[in-house]
Each structure stands twice: as C-alpha cells, then as structure tokens.
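A short worksheet on the structure shown next.
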Amino acid sequence: MDRDSISIITICFNNLQALQDTCTSIDEQQCLPFEHIIIDGSTDADIRSWLLDESHPTYRTYVSEVDEGYVSEVDEGISDAFNKGISRARGEILQMLNAGDRLHDPSVLRLAATAFAEDPALQWLHGSIRLMRGGIWVVVGKPFDPRRLYRGMRSTFHPTMFVRRTIFLQYGLFDKQLKIAMDYDFLCRIARERNTFVPLPLAVFEPGGISNQHFRKGLEEMQRVYERHFGFSLKQRLWKWRQLILFKFLQAGLGTWMYGWKVRLGWENR
C-alpha cells in the first residue's frame with residue numbers, strides 16, 4: 001500500500017491558524033497522502049482567501065459547488081461536514097483530522113499505510129494520542145475493546161483512526177442528528193470489524209474541541225447512542241456520572257494537583 005491509498009478529511013470554521021497548523025503537519029509527512037480534502041464552513045473569508053490565494057500541494061483539494069474544489073457554507077454540523085468529505089474521497093483509507101489537530105510526527109502516514117499493507121484483512125486502526133488533561137500534556141490510548149464501549153471514546157480517539165472507505169459504504173456515514181457523539185456512534189457500528197492498535201502517538205488533539213466545550217452534553221448524547229445500539233445499561237450510566245464528576249474535579253486546583261502526581265507515577269493511561 002502506498003500514499004495513493006490515504007485520504008485525509010479536515011473540517012474547519014473561522015480558524016485559519018488552526019487549519020494552517022494541521023496542513024503543516026500533513027505536508028511534513030514522510031509518506032504524503034493521495035489527497036487532503038478541506039471542508040470549510042466559515043462565515044469569514046480568511047480561510048477561503050488563504051486556500052485560493054496561496055500556493056498549496058497538488059494533493060490538497062477543496063469542495064465547491066462552483067469550481068468542484070471549494071465550499072464555503074454554514075454546515076448542518078460536524079457530521080454533515082465529515083460526510084461531504086467522505087463522499088468525495090477517492091483513497092482507500094480515510095482519516096478525519098479536524099483543523100487544529102495535527103499528525104504527531106512525520107512518520108504517522110507511513111506507519112498507517114504499512115499496517116494496512118501487512119494485513120489486507122485489516123479494516124481500521126487507531127493509536128495513542130497526545131492531548132491536554134488537567135492542564136498537562138499526556139499521551140494516552142489503549143487497544144480497542146468492544147466490551148468496554150460503555151466507556152465511550154475513552155481510549156479510542158477519532159483523530160488517530162484510519163478506516164477503509166468500504167467500511168463507510170457498508171455501515172453508512174456519520175449520523176447528522178448527532179452533534180458531538182457521531183464518532184462514538186460510528187465506532188459502535190464497526191466494533192466487530194478487524195482492527196489493530198498502533199502503540200505510538202499518531203495525533204495531537206487541539207485543546208478546546210467541541211467535546212470538551214460541551215462535556216456534559218457529550219456524555220448525554222453518548223448515553224443515548226449506547227442504549228440505541230445495546231439497550232439500557234446501569235453500568236454505562238454509572239460510568240457517565242463518574243466521568244462527569246472527574247471532569248469537574250479536574251477543573252479544581254486540588255484535582256489538577258492530584259492528576260499531576262498521577263502523571264508523575266505513569267498512571268495517566270489508566
């Protein structure tokens with residue numbers, strides 16, 4: 001498998017600097033993607049001007065009703081924006097990398113391509129991610145375990161997921177009715193497909209994403225998704241409240257201090 005197999009989809013909204021950071025991390029890859037599709041729902045012209053006025057690699061493309069390469073509209077939501085990119089992707093392997101999120105280092109796409117080449121039956125993979133918790137940058141991530149789906153996306157992070165395009169054809173696109181847990185819903189649907197875990201950081205998650213900004217709403221949406229797929233679960237509801245309490249605790253000074261000690265002990269991935 002070579003670079004022609006990989007399509008990266010990035011959605012953005014009034015965040016030019018964040019998009020530029022994402023593009024830089026892609027352009028620095030040892031194994032460049034076949035295409036990088038940018039879906040822009042911005043209400044200002046900054047991103048549009050940069051995309052149209054500046055020189056970009058030939059693999060960077062845009063979605064447009066006018067010129068078949070660029071779109072600037074208010075999307076119905078993140079799910080809808082992702083779906084626009086998926087519908088236009090031509091690569092065999094797809095990755096969703098939001099503006100602001102970055103590929104961790106120049107070897108990421110090469111590692112992903114190699115994993116799929118070595119296992120033709122592999123349908124999707126994921127890896128560790130570097131993100132901020134309790135004001136501290138940490139690397140977290142564990143092999144996906146379908147028995148622990150009640151925990152949500154706790155150890156599986158969508159910026160690290162590389163998924164065969166045929167999986168979207170088989171299971172459908174993201175649910176446009178979901179505003180936060182659309183990636184979790186998709187994970188529930190593909191849980192039994194062959195997957196693997198790359199024990200290295202594949203992406204850097206930008207602080208302040210929608211799931212962090214609306215943490216409680218995200219937990220409520222996750223609960224509805226889980227029960228839609230698997231029925232009522234007391235275990236899942238207790239986990240939801242545990243996560244909410246921990247989230248609130250980490251906002252306090254004592255919680256941040258205690259989490260710092262957890263990181264020093266090497267327990268951040270527990």
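Structure notes:
- Value of [θ]222 nm, deg cm²/dmol, for the chain, DSSP H segments ≥ 4, -39500 (n - 2.57) each, nearest 500: -12000 deg cm²/dmol
- Subtracting the Cα-Cα distance of residue 200 and residue 228 from their residue separation scaled by 0.36 nm leaves 6.8 nm.
- Each DSSP beta bridge with both residues in the chain is either parallel or antiparallel, and the antiparallel ones are about 35%.
- Global form of segment 3-208, assessed from the alpha-carbon gyration tensor, a/c cut-off 1.5: rounded
- Residues 224, 102, arranged from fewest to most other Cβ atoms within 10 angstrom of their Cβ, appear as 224, 102.
- At R0 = 35 Å, FRET efficiency that the Cβ-Cβ distance of residue 119 and residue 147 yields, to 0.05: 0.95
- Number of Lys pairs (Cα under 29 Å; 8 or more positions apart or on different chains) in the chain: 27
- Order of 59, 226 under a 10 Å beta carbon neighbour criterion, fewest first: 59, 226
- Proximal charge balance of residue 156 [Cβ under 10 Å; K/R count +1, D/E count -1]: +2
- Compactness of segment 86-211 - radius of gyration and Dmax, Cα, Å: 14.0, 40
- Which of 22, 43 has the fewest Cβ neighbours within 10 Å, and the rest in rising order: 43, 22
- Simple spin-label estimate for residue 43 and residue 138 in nanometres, 7 Å along Cα-Cβ: 3.6 nm
Any read-out appearing in this document is the output of simple, stated calculations on the displayed coordinates, not a laboratory observation. Nothing here was measured: the structure is a model prediction, and the numbers come from that model. Backbone-built Cβ (ideal geometry, glycine too); neighbour counts: all protein chains shown.
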